[in-house]
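The values are calculated or read from the model by the stated rules, or taken from the named source; none is laboratory data. These figures come from a predicted structure and were not determined experimentally. In this analysis, Cβ positions are derived from the backbone assuming ideal geometry, glycine residues included, and neighbour counts consider all displayed protein chains. In case anyone asks, the SASA skips ligands and DNA or RNA and just uses the protein heavy atoms, side chains included. Shrake-Rupley method; radii C 1.70, N 1.55, O 1.52, S 1.80 Å.
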Amino acid sequence: MLVRLRESYIVGDRTVILDVTIGNGQRGYIEVLLNGTLIASGPRISGLAVGADAAVARQKLRITATVTDTNVDTNHTSVTYTLSGGAATQKFQSTHDVDSAGDTVDYDAIFLLL
Amino acid sequence: MRRISYSFFASRIVGVILLSAGIAEAQSSASTPPKEVELDNLHTPTSPAFTLLGVSPTDIARPSTPRALATDLVSKTNRGSIIPNNYALEFAPYWLVSHPSLSYQEYTDPSPVQSVMQSFSISFGTSRPDTTSDTASTGLAVGIRFLPLAGHASAKFRDLEQNLDSIQRTRPDLIRHQADLLDEIDAAGVELGQLRAELATALAAHDTRRITNLKEQIAASGQLVEKAKDTSTTVEATLKTQADLMRSIARDMGKADVERVGAFLELATAVAGVFPAGNFDGGKLSRLGAWGTFSYRMESPHLDVISLLRFLRDLRQEDQNALEFGGRLLWLHDYLGLSAEWVSRTAYNVDASQQGNASKRTLTFASSSRAVGVIEYRAADAIYVTLSFGRDYKKLGAERHPLVAGFGVQFLYGDKPVVKLP
């Protein structure tokens, strides 16, 4: 299962900060790319400085995550993306409930920085 | 709900032929002795309501959403007007809803507060032995259980976690490729829609050149879509193969999570009542129970230290009132297991008597304890040899504890851990 998110985010003079959280106690792996270049990876992204104003305007910020249902207590999976430092702090969330224990859900989010 | 495994040697398989010889001193009893209890009876139950009712239901409702919980309760109780017969319900409030901010670290290595929230469970059960009479009483119990301390993951769990990580790290490129293909197919679909609309306009206008041009564009776009779909199918197959492997590892992680190590504190309590004729009116409290288990498990060497406490108050059978506590030390190495356990039971009774104008309540106690050491050796795949030595519960009126000295050989057969009744 692949969950896609396509959004835009208005940047400002301050540095854009990205936080990505894999929720519901599930195990996952995240990669963050800016215009196709890998800038961060790991099971959680916290306080990643993406860039400010002209440096990132009209660039694509792409977050790819794979989440496996390792939590025996729930079949919920979710990825929460929080962008701050731009015109406003915005939180986006993608969710999916797996059918069977141990299933994997893939998430791909592209934010066009304006 | 997080469950902890207390399995020891030879506890997984039933179908046992036990040969044993024991020596016990003959006893004379002056009055009713305290009921004997095994250490394993004192373990904090996963479902304290069922334990207090004395039932082991096979059909337990475990709703996973608030709606499912409400639907089950409303339907079984006829909107709260009757007590259902032989009903068992168990749920963990925390897990009824999604928790998008709960990280993997917080789940696998929770703080005491997080552990209580995640492990808190409620059990509810009813029991009506006599289902032939409409006026028969129904037993009803409610219990809670939670773990302030839940240990931490074992080395085996961490190894599986690393295996899973290594596969997850290879996936993002494939995911992006698949996502790009799906975006391409979606965009082509939109474009095809627009082209077909333009074709309809051109046909209406009998614009032959435009019609030919649009048909060529539609054909080319359709070919691109088909090519993208074929590639997507191939990528999907690779992702599915990886997902199947990850599923297997994730399920093994779930099994390994039961065998956590470190410090555990498990607490439970339950209350039971009796309701005449299956109605909520006229119900009376019948039993109270509280359990506590503190244990520490070491991975290497494999050493378990367990202490247990159980309090039972039975308002109908006074000889069931008791405060029991015990401990066990277990060491496992290859095929050899050494354990020592001690259990103490203090039965109590409250007598009310009238002396003149004053009423007097007397609390009486009767205590006894049992201490046994056990050596267990797995002689073969299905053969266990057991030696036990110690002292048993002292009977009331007796001066000494009976000796426990036993030798046993267990022959285990059957592949399944449970033998189903016909």
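Numbers at a glance
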read-out: Chain lengthening between B:T208 and B:M298 when straightened (0.36 nm per residue, less Cα-Cα); value: 24.0 nm
read-out: Spacing of the two label points (7 Å from each Cα toward its C-beta) at B:V190 and B:F120, in nm; value: 4.6
read-out: Net charge of Cβ neighbours under 12 Å - reference B:L323; Lys, Arg +1; Asp, Glu -1; value: +2
read-out: Pairs from A:K91/B:K215; A:K60/B:K229; B:K284/B:K394; B:K76/B:K284; B:K156/B:K240 whose Cα-Cα separation, in the structure shown, is over 32 Å; value: A:K91/B:K215; B:K284/B:K394
read-out: Dipole magnitude of the range A:1-68 about its Cα centre (Cβ charges: Lys, Arg +1; Asp, Glu -1), debye to nearest 20; value: 220
read-out: Reduction of at least 30 Å² in accessible surface, 1.4 Å probe, comparing all protein chains with the chain by itself, residues of the range B:82-103; value: B:W95, B:S98, B:P100, B:L102, B:S103
read-out: Computed E for B:K255/B:L336 - FRET, C-beta separation, R0 22 angstrom, nearest 0.05; value: 0.35
read-out: Base-10 log of normalised Debye intensity for chain A (one unit scatterer per alpha-carbon) at q = 0.10, 0.17 Å⁻¹; value: -0.28, -0.75
read-out: Virtual spin-label span in nm between B:K215 and A:A55, 7 Å along Cα→Cβ; value: 5.6
read-out: Euclidean distance between Cα centres, the range B:255-306 to the range A:1-73, Å; value: 42
read-out: B:A197 versus B:L387: modelled label distance in nm, points set 7 Å from Cα along the beta carbon direction; value: 8.9
read-out: Over the range B:175-229, volume per residue of the alpha carbon convex hull, in Å³; value: 49
read-out: Per-selection Kirkwood Rh - the range B:195-262 (Cα, Å, 1 d.p.); value: 16.4
read-out: Coarse-grained scattering of the range B:82-204 at q = 0.19, 0.22, 0.23 Å⁻¹, given as base-10 log I(q)/I(0) from a Debye sum over alpha-carbon atoms; value: -1.10, -1.19, -1.23
